[in-house]
Amino acid sequence: MKIRDILQQNQVTLSFEVFPPKKEEGLLATLEAAHKIAALHPNFVSVTYGAAGTAPRFTVEVASDLQNSTGTAVLPHFTCVASTKETVDEMLGALQKHHIENIMALRGDIPQDGSQQKEFLHASDLIRYIRSTEYGQAISIGGACYPEKHPESSSKEEDLRHLKDKIDAGCDFLTTQMFFSNETFYNFLYRVRDKGIDVPILAGIMPITSRKQLGRSVQLSGTNVPDSLKAIVDRFGDDPAALKQAGIIYASNQIIDLIANGVTHIHVYSMNKPDVAEGILRNISEMLRQR
Ligand code: FAD
């Protein structure tokens, strides 16, 4: 099913995310986790794409297995930073072969090993190209957005200009980078709508379940960490079970506040952790009853 149709149904949607293994040996464990997450009946599951240089083929394998054996709508990610037209065509061919109707079209982080290609400089170039193909006209395309601006952008205004270009290229919906303060998202939403960007925006929520995970996520994304979350990690950082519980509650509270304020689409960075996805779902199940 196309994600743009799912998002149009005027109801609260909840989606989860899994990442593929780097090596074939990890495939079974990944599929097991992905199936458990799919069994929670999210509106869709996204499957990330390894950074340039890692084994990207497992994205399609995981997504097609999930869709074709559980009936769950899937959103495979794809990055163009190290891609040529041939590799993009190869990816689109593989998605089409597996009857996948969605793609998250990304640029990806600039690789340090010089493997960057120059054919698709920005996600908008990739989206425009996908839309120029017959298969690309029939599918739903998502893109990334950054409430606190992309780290490479010199200003929020510049970032928004490029975001508008991404939408004009044919992007159907956006998912945000993680944020830990909902005010950041509300402020972003106001600025985005003011720019005339009216596609659905999925609020990306990352449940923090370990001190290391917070450090890594913040280092990669530059996301601001509010004092309330810092205090949780300081207090429970050495007690994994307590931090996991607190992280699930923190993320659940963010989601409750978002839904209470009229936000309808929530994407949880569940990171192959069915117990975390389930914990969140349990905390908000009554609020999702009308799904
Ligand atoms: P773009 O939209 O191309 O933006 C990148 C930068 O270029 C921004 O600063 C933007 O303002 C600027 N820019 C855009 N267009 C122009 C233009 N025409 N001229 C000048 N500057 C321009 N990474 C992975 O490797 N795998 C994943 O699966 C993955 N999934 C993600 C999912 C989400 C929801 C998000 C938010 C990020 C994800 N990422 C993933 C990370 C992402 O690849 C990086 O953040 C990357 O640095 C930017 O990708 P993008 O698609 O946002 O790029």
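Points to keep in mind about this one:
- Single match in Thr133, Thr176 (criterion: closer than 20 Å to Gln8 by Cα, of a type in the set (S, T, N, Q) and touching a helix residue (DSSP H, G or I) at 6+ places or on another chain (Cβ under 7 Å)): Thr176
- One residue from Thr264, Thr184 being under 19 Å from His150 (Cβ atoms) and open to solvent by less than 70 Å² (accessible area, probe 1.4 Å): Thr184
- Sole residue being under 30 Å from Gly262 (Cα atoms), buried (at least 22 other Cβ atoms within 10 Å of the Cβ), modelled with pLDDT of 95 or more and more than 13 Å from the ligand (Cβ to nearest atom), chosen from Ala105, Ala34, Ala39: Ala34
- The listed residue being outside any helix (DSSP H, G or I) and either of a type in the set (Lys, Arg) or out of contact with any Asp or Glu (no Cβ under 7 Å at 6 or more places or on another chain) (or both), out of Gly247, Gly204: Gly204
- Residue that is farthest from the ligand (Cβ to nearest atom) [pool: residues in region 172-202 that are β-branched (Val, Ile, Thr) and closer than 26 Å to Glu134 by Cβ]: Val199
- Scanning region 50-70 for residues that are within 24 Å of Glu134 (Cα to Cα) and assigned to a strand (DSSP E or B) turns up nothing.
- Residues of region 214-229 that turn out to be free of Cβ contacts under 8 Å to residues at least 24 places away in the same chain and either surrounded by 15 or more Cβ atoms within 10 Å (Cβ to Cβ) or part of a loop (DSSP other than H, G, I, E, B) (or both), as a count: 2
- Identity of the residue in region 113-123, among the polar types (S, T, N, Q) and within 13 Å of the ligand (Cβ to nearest atom), that ends up farthest from Ile3 (Cα to Cα): Ser115
- First in region 81-95 and over 16 Å from Asp113 (Cβ atoms) and outside any loop (DSSP other than H, G, I, E, B), second anywhere and of a type outside the set (A, V, I, L, M) and open to solvent by 40 Å² or more (accessible area, probe 1.4 Å), Cβ under 6 Å, 6 or more apart: Lys85/Glu119
- Meets criteria (among the small types (Gly, Ala, Ser), within 11 Å of the ligand (Cβ to nearest atom) and open to solvent by less than 60 Å² (accessible area, probe 1.4 Å)) for Ala169: yes
- Given (1) over 16 Å from the mean Cα position of the chain (by Cα); (2) open to solvent by less than 10 Å² (accessible area, probe 1.4 Å); (3) of a type outside the set (Phe, Trp, Tyr), number of the condition Asp194 does not satisfy: (2)
- Some residue of region 266-284 being in contact with a Ser or Thr (Cβ under 7 Å, 6 or more places away or on another chain) and on the phi > 0 side of the Ramachandran plot: yes
- Candidates Thr209, Thr184: the one that is over 16 Å from Arg4 (Cα atoms) and in a helix (DSSP H, G or I) is Thr184.
The values are calculated or read from the model by the stated rules, or taken from the named source; none is laboratory data. Predicted model only: the values in this text are computed from it and were never measured. Here Cβ is always computed from backbone atoms with ideal geometry, including for glycine, and neighbour counts include all displayed protein chains. To get the accessible areas, we keep the full protein, side chains included, count just its heavy atoms, and leave off ligands, DNA and RNA. Shrake-Rupley method; radii C 1.70, N 1.55, O 1.52, S 1.80 Å.
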